[in-house]
Structures are given as structure tokens and as C-alpha cells.
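J.: This is the structure, below, for whatever I ask next.
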């Protein structure tokens, strides 16, 4: 059956922000004397920041609280990772345009705040009106709830939706929701596990090909 819904993750799929977040976290890890384990860091991608810091505070017995570190992270993001300065991922506007032409109903499922999602849509003029934030569900990725809600908002059953994700946590959640998954790779970032991916793309141009052949 041809899928009629297309759900995008935002950070790392639409917005070229993950590399900037990674650089901020490298800076914070160095200050905290935490070794940056790429395998562990990959497990944080797609989750909310508070989950990452709670795990690291407990693991390394840090004196600072998770909430204080999250506040520092947000402050540094505002300096080094403003959405307006990150830019869009190369080729994503063409994928969105192509998907609309092919008749897909498009949405976003992101662990970011509603305010940030709306800020990105507004600043870049994205023709997307349906979106879900991790703030709106009890558990964000890898829980499937955010994807089920996104499918509902674009008016499709989960099994009729395709999801584009760059993080294993998102892929796990999308598959648990019964969706087909396209993994978008980025060789600047820690390697993600791809067991849940139905398709693997190195670029948005390759995603265009996947959609065109469906």
C-alpha cells in the first residue's frame, strides 16, 4: 500500500542543528570532565535534554543538578545554536515540495518545544501546519506516542505513514507505532544504530529517490 502520510523529525532532518548541539555538549562535557562516548551520545539523540542530563548526573555523580545543566545547555544553545542561524538541511525543501506534489500529507514529530518548532516553521517559511512536540506527550522518543499523535494530526493511520529520522530513538519509536522508517545519515555525528530503518539515505536527494519510486 502506498503511504499517504510523511512525518519529519526536525533537528537533524529539517534543521541542521544536531552538529551545533553536539559541539555545545562537547564543550559542556569537557568542563564537567565527562568522557564523550560516541556510542552513549548516540543514545541521547532524539531524547529530551532533561533525560540526558539525569542519566549523566547519576552515572558520573555530578555535583550539579540535571535541571541546572539543562538550563546551562539552553543558554549555550541560544548563543551557538539559534534556529535562525543553523540553516536547513541541504535538499529538505525539495523533499517537502516533492512530497506535497506526490500527495503526501506532511507533519513534524520533534522532541523540541512547541515554541521552537513554530519558530523554525515561521522563520524558514515551511509549508507545514501539523506538528507535535515532545512536550505534548507523557514520554517522548523512543516511546511511540509522539508518532501516533502526529499521524492523527495529519489524518492517517500509523501504518499509512513514512517517517524520516536521523536518530535511533526516533526510529525505534516510529517502528513501534507501526510506521515505515527512512534513516537520514550524517557523517559529522556519532553513528546511529539502524536496525529499525527500512531505508537508509545519505542525503535528502536520496530520500527524493525513495519517495519517487514508491
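Taken together, the values in this text are just the output of simple stated rules run on the coordinates, not laboratory data. These numbers were taken from a predicted model, which means no experiment stands behind them. FYI the Cβ positions are ideal-geometry reconstructions off the backbone, even for glycines, and counts take in every protein chain you see.
J.: Which angle from 0 to 90°, rounded to the nearest 10, does the C-alpha axis of helix 49-60 make with the longest principal axis of the chain?
T.: 40
J.: Helix-only estimate, please: 222 nm mean residue ellipticity of the chain, summing -39500 (n - 2.57) across DSSP H runs of length 4 or more and dividing by its residues, to the nearest 500. Present the calculation step by step, with values, prior to reporting the outcome.
T.: Values: 10 runs with 102 residues, N = 214.
Theoretical 222 nm ellipticity from helices: -14000 deg cm²/dmol.
J.: Express in whole angstrom the spacing between the alpha-carbon centres of region 145-214 and region 75-93.
T.: Taking the Cα centre of each part, region 145-214 and region 75-93 sit 21 Å apart.
J.: Say each of residue 94 and residue 71 gets a label point 7 Å from the Cα, pointing the same way as Cα to Cβ; how far apart are those two points in nm?
T.: Result for the modelled spin labels: 4.5 nm.
J.: OK, next. Under a 10 Å cutoff between Cα atoms, tell me which one of 60, 204, 130 has the largest fluctuation in the Gaussian network model of the chain.
T.: Evaluated over the chain, the most mobile residue of the options is 60.
J.: How far, in degrees from 0 to 90, does helix 92-101 lean away from the longest principal axis of the Cα atoms of the chain, to the nearest 10?
T.: So the helix axis and the longest Cα principal axis differ by about 30 degrees.
J.: Out of all DSSP beta bridges in the chain, what portion is antiparallel? Express it as a percent rounded to 5.
T.: Numbers: 1 of 21 bridges.
Within the chain, antiparallel bridges account for around 5 percent of the total.
J.: Report the gain in length on full extension from residue 40 to residue 152: 0.36 nm times residue separation, minus Cα-Cα distance, nm rounded to one decimal. Walk me through the numbers before you get to the answer.
T.: Values: separation 112, 0.36 × 112 = 40.32 nm, distance 3.23 nm.
My answer for the length gained is 37.1 nm.
J.: While we're looking at this one, here's another question. Students often get this wrong, so try it: which of (i) 29, 17, 16; (ii) 31, 19, 15; (iii) 47, 17, 15 is semi-axes √(5λ) of the Cα gyration tensor in Å as calculated from the structure shown?
T.: Here semi-axes √(5λ) of the Cα gyration tensor in Å agrees with entry (i).
J.: Taking the Cβ-Cβ separation of residue 31 and residue 79 as r and a Förster radius of 22 Å, what is the calculated FRET efficiency to the nearest 0.05? Display every interim value, and only then the final one.
T.: Details: r = 15 Å, r/R0 = 0.67.
It comes out at approximately 0.90.
J.: Next up: If I take R0 = 25 Å and measure r between the Cβ atoms of residue 212 and residue 136 in this structure, what FRET efficiency does the formula 1/(1 + (r/R0)^6) give, to the nearest 0.05?
T.: Details: r = 32 Å, r/R0 = 1.29.
Efficiency at R0 = 25 Å is approximately 0.20.
J.: Pick from 164, 138, 154: which is most flexible by mean-square fluctuation in a GNM of the chain where alpha carbon atoms under 10 Å apart are linked?
T.: So, out of 164, 138, 154, the one fluctuating most is 138.
J.: Rounded if a/c is under 1.5, else prolate if a/b beats b/c, else oblate: with a ≥ b ≥ c from the C-alpha gyration tensor eigenvalues square-rooted, which is region 143-214? Walk me through the numbers before you get to the answer.
T.: Values: a/c = 2.25, a/b = 1.32, b/c = 1.71.
Oblate, because a/c is 1.5 or more while a/b does not exceed b/c.
J.: Let me ask you something else. If the elastic network links every pair of Cα atoms under 10 Å, which of 109, 58, 100 fluctuates the most in the Gaussian network model of the chain?
T.: Of 109, 58, 100, the most mobile in the Gaussian network model is 58.
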